[in-house]
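Asker: Structure in structure tokens, see below.
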Amino acid sequence: MTALSKEALVARADELLPQFEAAVADIPPEAGFGGVWESEMFLFYAVVRPLAPKQILESGRARGKSTLMLAKCFPDARIVSVELDRDTENARAAEAKLKPHAHVDLLYGDSRALMLQGLQHGDAVLIDGPKDFRAMKLAVDLLATGKPSVVFVHDFPKGSGVRCFAEKNWPGVLFGDDPAFAKFRAIDAARDPRPADARKGYGVFAIFPPGLPQPKWRLRLKMFFAEIFSAFR
Ligand SMILES: C[S@@+](CC[C@H](N)C(=O)[O-])C[C@H]1O[C@@H](n2cnc3c(N)ncnc32)[C@H](O)[C@@H]1O
């Protein structure tokens with residue numbers, strides 16, 4: 001994949017939605033713990049499914065909500081999930097949830113070190129921790145290798161420093177809050193038993209196509225200043 005076409009993505013979504021819904025149907029809703037929404041994971045599915053990656057790398061597992069959806073949606077891919085915090089209630093919940101899925105590897109450590117080691121050509125990547133510019137730096141490091149087919153990074157709300165940085169410097173980037181994807185949120189109503197006004201807090205994915213739009217050194221320099229600017233804003 002060289003570019004992300006929003007139009008092509010929306011066009012194939014209707015065909016892919018029943019597959020996605022069937023894949024996640026037997027996951028019991030776990031309302032109130034946060035994590036990536038089902039509609040956001042559907043966006044990941046609609047982009048990544050046609051790429052048929054052999055491996056999917058995830059950074060930031062927490063209770064394993066997104067990891068379990070990856071496991072169910074991509075049974076033929078190896079899922080490598082990296083989480084910083086071990087020996088926590090969340091870590092134990094994720095381990096229990098993912099135990100039946102032999103194609104999922106649960107690693108502990110800092111993904112900024114571990115992910116580069118495990119990255120293979122064609123991998124799809126989902127980063128949901130670290131956050132903000134630390135996540136952006138990790139995405140740049142991974143994309144600079146030329147290996148990922150796509151990198152999703154969670155939590156790019158409109159107006160945030162890191163979102164402004166991506167908007168200014170990444171011509172091909174897409175965002176999960178694009179009005180073209182708004183209809184996908186209907187999936188959440190079926191998955192989360194709470195009333196609609198309690199279902200807030202969309203993190204917003206940034207979706208980066210392969211490669212870098214500028215040399216890495218220039219992006220890192222711009223990120224350095226953007227982060228300082230954002231801290232003082
Ligand atoms: C929002 S939670 C992830 C939620 C999960 N993706 C889901 O949908 O349920 C963020 C997680 O990222 C982890 N994290 C933060 N920095 C990290 C790093 N450098 N490497 C690996 N995990 C990290 C945190 O410990 C936390 O558990």
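Read the figures in this text as sums done on the coordinates, not as results from a lab. Worth saying up front: this structure is predicted, and the values here are computed from it rather than measured. Here the Cβ is made from the backbone with ideal geometry for all residues, glycine too, and neighbour counts use every protein chain on show.
Asker: Taking only the range 112-130 into account, find how many residues are in contact (Cβ under 8 Å) with a residue 60 or more places away in the chain and either in contact with a Ser or Thr (Cβ under 7 Å, 6 or more places away or on another chain) or of a type outside the set (Val, Ile, Thr) (or both).
Answerer: Residues meeting the conditions: 11.
Asker: May I ask you to verify whether residue 112 is part of a helix (DSSP H, G or I) and closer than 23 Å to residue 140 by Cβ?
Answerer: yes
Asker: OK, next. Picking from 122, 146, 129, which residue would you name as being assigned to a loop (DSSP other than H, G, I, E, B) and either of a type in the set (Val, Ile, Thr) or closer than 17 Å to residue 41 by Cβ (or both)?
Answerer: Testing whether each residue is assigned to a loop (DSSP other than H, G, I, E, B) and either of a type in the set (Val, Ile, Thr) or closer than 17 Å to residue 41 by Cβ (or both) leaves just 129.
Yes or no, residue by residue, for (1) within 12 Å of the ligand (Cβ to nearest atom); (2) closer than 17 Å to residue 190 by Cα; (3) surrounded by fewer than 23 Cβ atoms within 10 Å (Cβ to Cβ); (4) free of Cβ contacts under 8 Å to residues at least 40 places away in the same chain:
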site	(1), (2), (3), (4)
23	no, yes, yes, no
41	yes, yes, no, yes
59	yes, no, no, no
92	no, no, yes, yes
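Asker: Give just the number: which of (1) crowded, with 24+ Cβ neighbours inside 10 Å; (2) near the ligand (Cβ under 8 Å from one of its atoms); (3) more than 23 Å from residue 189 (Cα to Cα); (4) not polar (S, T, N, Q) does residue 64 not satisfy?
Answerer: Of (1) crowded, with 24+ Cβ neighbours inside 10 Å; (2) near the ligand (Cβ under 8 Å from one of its atoms); (3) more than 23 Å from residue 189 (Cα to Cα); (4) not polar (S, T, N, Q), only one is false for residue 64: (3).
Asker: Under the condition of being acidic (Asp, Glu) and surrounded by 15 or more Cβ atoms within 10 Å (Cβ to Cβ), which residue from the range 106-133 is farthest from residue 160 (Cα to Cα)?
Answerer: For the range 106-133, the residue satisfying everything is 123.
Asker: For residue 9, which of the numbered conditions (1) within 28 Å of residue 146 (Cα to Cα); (2) in a loop (DSSP other than H, G, I, E, B) fails to hold?
Answerer: For residue 9, the failing item is (2).
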